[in-house]
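The values are calculated or read from the model by the stated rules, or taken from the named source; none is laboratory data. In this text the structure is predicted, and so the values were computed from the model without any measurement. Using ideal geometry, Cβ is built from the backbone for each residue, glycine included, and neighbour counts are taken over all protein chains shown. The protein model used for the area step is the full one, side chains on, heavy atoms only, and it has no ligands, DNA or RNA in it. Shrake-Rupley method; radii C 1.70, N 1.55, O 1.52, S 1.80 Å.
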Amino acid sequence: MSKSIHLFLSISAIYFLTSYSINAQNKLPIPDTLSGNNFNLAIQNGSVSFYPGFQTKTMGVNGSLLGPTLILKKGAQVQMNVKNNLTDTTTIHWHGMHVAPQNDGGPHTVILPGTTWSPQFNVLDNAATYWYHPHLHKKTAEHVTKGVAGFIIVRDEQEATLKLPRKYGVDDFPIVVQSRAFDLAKQFIVRSELDSVLLVNGTKNPYLQVPTQIVRLRLLNGSTERTYNFGFFGNKSFYQIGGDGGLLNAPVLLTRLRLAPGERAEILVDFKSMQGQSTYLMSYASELPTGIIGSNSVGMGGSLPDYSNNKLNGANFNILKIDVIAPTLNPITIIPSTLISNSSFPVSTANVTRVLTFTSIGGMMSAAGPFVINGTSFSMDIINYNIPLNNTEIWELRNQTLIAHPFHIHDVQFYLLDRNGNQVPLNERGRKDVVLVEPMETVRFITKFEDFANSTVPFMYHCHLLTHEDDGMMGQFLVTSPTDVREENSSLLPIDFSLDQNYPNPFNPETVIGFHLSIAGHVTLKVFDFLGKEVATLVDGFMPAGSYRSSFSALHSSLSSGVYLYQLKAGQFVSTKKSLFLK
């Protein structure tokens, strides 16, 4: 190839890389912060003008789009008062945080319109960047896409001793990147492969002013499906200091950082010699392997509609323009050589290895799915695993599809053991709660299920491509104390159990519970609220095989509106159903 052709291609590449941000005209908004022990959050409808002459319908927390950053201190007791001002039911999940299942905000812990959910918990997490977002089954993608999400920053004493940038909005910046699709009326499209509009902290065409010193960026991929391959214009290097669940052992020098939906990373960037200059935070998506959404191609037969028409897929593009201005007082100017000491769990201590296999109902070659885990689509009424409290476990994730899946687990942080039997890179050796499993790849991690057990409220695991999650690529597990006896997969139990008013349909004043026993034995039928408190015992005694009906009336009780659990025990077998009670 001639030198003139090389020069033409280089100039063309530079033009393309700057074309999305050369008109950067909107100052990047930094979310307000809330701190202390009591947090008041209101989920509400709003509207934002992303395009002149159009108002896009949105959702937000304490505002029209996104929400405030919650500053938490490890060891503190906090209460979250989450009011749902929508006309739709929703939830709020504290992504990455180690809390009891009734406080986790999964799809079972719904917040009805006009009601307030007030979980209380001790902050047990290490200093890191977490986030909150809705988790209503079949509605997660819609509610997140329309704007309900926010940062959580946890601080602890160990991180406080390190000389790191931590002046929020001054040298320590939260950066959430989301790709969105709009229809002709400039309304969000939830399911579309034409998500070619980038929003950074909810803003198009943004720029950020940073001081000429060491700066900390807290990167969050808040997209519904897209993976980013972060880097800086001109391959400027940077240091990753933290991942999903905390700091790394030492800063890791990088020029590329891949983050899938749900993943977070904290990086340090040295701008000391750049005062008066500008650069760009970019995604080098042309370097993403095939099969990752955002790469040049995914799947083969049954590829995604409009995927090849999206100008971002397989292209390098700018995300955020960065203007370097004068330094602050007492700036951080040195990258620390060490951070904290992470200690994984020894493989020899694992009580069990669980294998989770990802497949597509549409066939291995299809990128459209729907996708399932271990051949089963998610059901609110099926407990996939019962995990004894304090179990140390290895989970082996086998992706037998041609599309990459970011796997997320609630309750715990984990340590990656290997990818296809190979050691993981240094920047993946800290605490994590999301891992991207590439096509035909096997990933193993180890974790420990400690502190929280609940016999009725489960934790979730799922693909964090939100459309995959909504379509059923999800499962759930109970962490049980030694006194709890359960069988996994309640659909296989020799007891049939039904409600006249199936969840989520509300009942008032009563619901009728029907059950059939194929064997005689001692039976209990109890009602619990969603904090796990027993509110009624309907059956408790020996019963012969046969069919039975029992009713639960809440009309004359002091029970409040909400979700109630009906737990039927027959010998060693347990099954649980749910329904809504509305006064």
Checklist outcome for this item: Over the Cα atoms of the chain the radius of gyration and the largest Cα-Cα distance (Dmax), both in Å, equal 24.7, 89
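What full-extension length gain, to one decimal in nm, is calculated for Gln400 and His516 as 0.36 nm per residue of separation minus the Cα-Cα distance? Intermediate results must be reported in sequence, preceding the final value.
Values: separation 116, 0.36 × 116 = 41.76 nm, distance 3.84 nm.
Length difference between fully extended and current span is 37.9 nm.
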Item to check | segment 210-272 - accessible surface per residue (Å², probe 1.4 Å) | outcome: 19
Checklist outcome for this item: Listed by chain and number, the residues whose amide H is under 5 Å from that of Ser295, excluding neighbours fewer than 5 places away on the same chain and using placed H, are Gly314
Item to check | 19 Å reach of a label modelled at Gln79, 7 Å along Cα-to-Cβ, counting backbone N of segment 112-138 | outcome: 112, 115-124
Item to check | Helix axis angle, 3-19 relative to the chain longest principal axis, alpha carbon, degrees | outcome: 50
Item to check | Karplus (6.51, -1.76, 1.60) ³J(HN,Hα), θ = phi - 60°, over segment 208-221, in Hz, Gly and Pro reported as x | outcome: 10, 9, 10, x, 7, 6, 6, 10, 9, 10, 9, 8, 10, 8
Item to check | Integer Hz, Karplus 6.51/-1.76/1.60 couplings in order for segment 440-450, x for Gly and Pro | outcome: 6, 9, 10, 10, 10, 9, 10, 7, 10, 9, 10
Checklist entry - Hey, rough spin-label estimate for Ser278 and Leu426, points 7 angstrom out along Cα→Cβ, what's it come to in nanometres? => result 3.4
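For a Förster distance of 45 Å, can you work out the FRET efficiency between the beta-carbons of Thr255 and Met380, rounded to the nearest 0.05?
Details: r = 44 Å, r/R0 = 0.98.
Efficiency computed from Cβ-Cβ geometry: 0.55.
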Checklist entry - Whose amide H sits under 5 Å from the amide H of Phe173, counting only residues 5 or more places off or on another chain, with H placed in the peptide plane? => result Arg216, Leu217, Arg218
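When the chain is fully extended, how far beyond the present Cα-Cα distance does Ser553 get from Leu329, taking 0.36 nm per residue of separation? Kindly include the intermediate steps, with their values, before the conclusion.
Details: separation 224, 0.36 × 224 = 80.64 nm, distance 6.53 nm.
Using 0.36 nm per residue and subtracting the Cα-Cα distance, I get 74.1 nm.
With each run of n ≥ 4 DSSP H residues scored as -39500 (n - 2.57), what mean residue ellipticity at 222 nm is computed for the chain after dividing by its residue count and rounding to the nearest 500 deg cm²/dmol?
Values: 4 runs with 32 residues, N = 583.
The helix-only estimate for the chain comes to -1500 deg cm²/dmol at 222 nm.
Across segment 101-213, how large is the tail of the calculated P(r) beyond 22 Å, expressed as a percent of all Cα pairs? Provide the component values of the computation, followed by the final result.
Values: 3287 of 6328 pairs.
The share of Cα pairs beyond 22 Å in segment 101-213 comes to 52 percent.
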Item to check | Probe 1.4 Å, protein heavy atoms only - accessible area per residue of segment 301-441 in square angstrom | outcome: 41
Item to check | Carbon/sulfur fraction of accessible area - segment 267-386, other protein chains in place, 1.4 Å, % | outcome: 53
Checklist outcome for this item: If each K or R counts +1 and each D or E counts -1, the residues other than Thr467 whose Cβ falls under 12 Å of its Cβ total -3
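Sum up the charges of everything whose Cβ sits under 15 Å from the Cβ of Thr353, counting Lys and Arg as +1 and Asp and Glu as -1, but leave Thr353 out. Walk me through the numbers before you get to the answer.
Numbers: positive: Arg354, Arg398, Arg444, Lys448; negative: Glu393, Glu396, Asp418.
Surrounding charge for Thr353 is +1.
When you count, for each residue, the other Cβ atoms within 10 Å and take the mean per peptide, how do 180-186, 198-204, 243-249, 229-235 rank with the highest first? Working shown, then result.
Values: 180-186: 15.0, 198-204: 21.6, 243-249: 23.7, 229-235: 17.7.
Final packing ranking: 243-249, 198-204, 229-235, 180-186.
Report, to one decimal in Å, the Kirkwood hydrodynamic radius for segment 47-181 based on all distinct Cα pairs. If you can, show how the numbers build up before the last one.
Numbers: mean 1/r = 0.0620 Å⁻¹.
One over the average 1/r among Cα pairs gives 16.1 Å for segment 47-181.
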Checklist entry - Expressed in nm to one decimal, what extension gain is obtained for the pair Thr524 and Gln209 from 0.36 nm per residue of sequence separation less their Cα-Cα distance? => result 107.1 nm
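How many percent of the accessible area of segment 145-230 is carbon or sulfur, using a 1.4 Å probe?
Details: 1280 of 2440 Å².
So the carbon and sulfur contribution to the accessible surface is 53 percent.
Summing Lys, Arg as +1 and Asp, Glu as -1, what charge do residues with Cβ under 12 Å from the Cβ of Arg264 carry, Arg264 excluded?
Numbers: positive: Arg218, Arg431, Lys432; negative: Asp244, Glu263, Glu266, Asp433.
With Lys, Arg at +1 and Asp, Glu at -1, the net is -1.
Let a ≥ b ≥ c be the square roots of the eigenvalues of the Cα gyration tensor of segment 189-275; is it rounded (a/c under 1.5), or, if not, prolate (a/b larger than b/c) or oblate?
On the way: a/c = 2.18, a/b = 1.43, b/c = 1.53.
Because a/c hits 1.5 or more and a/b fails to exceed b/c, segment 189-275 counts as oblate.
Convex hull over the Cα atoms of segment 243-368, averaged projected area in nm²? Present the calculation step by step, with values, prior to reporting the outcome.
Details: hull surface 48.7 nm².
Across all orientations, segment 243-368 yields a mean hull projection of 12.2 nm².
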Item to check | Under Karplus coefficients 6.51, -1.76 and 1.60, residue-wise ³J(HN,Hα) of segment 470-475 in Hz, glycine/proline x | outcome: 4, 7, x, 7, 7, x
Checklist entry - Taking amide H positions as placed 1.01 Å from N in the peptide plane, with prolines and chain starts having none, which residues 5 or more places from Gly147, or on another chain, fall under 5 Å of its amide H? => result Met59
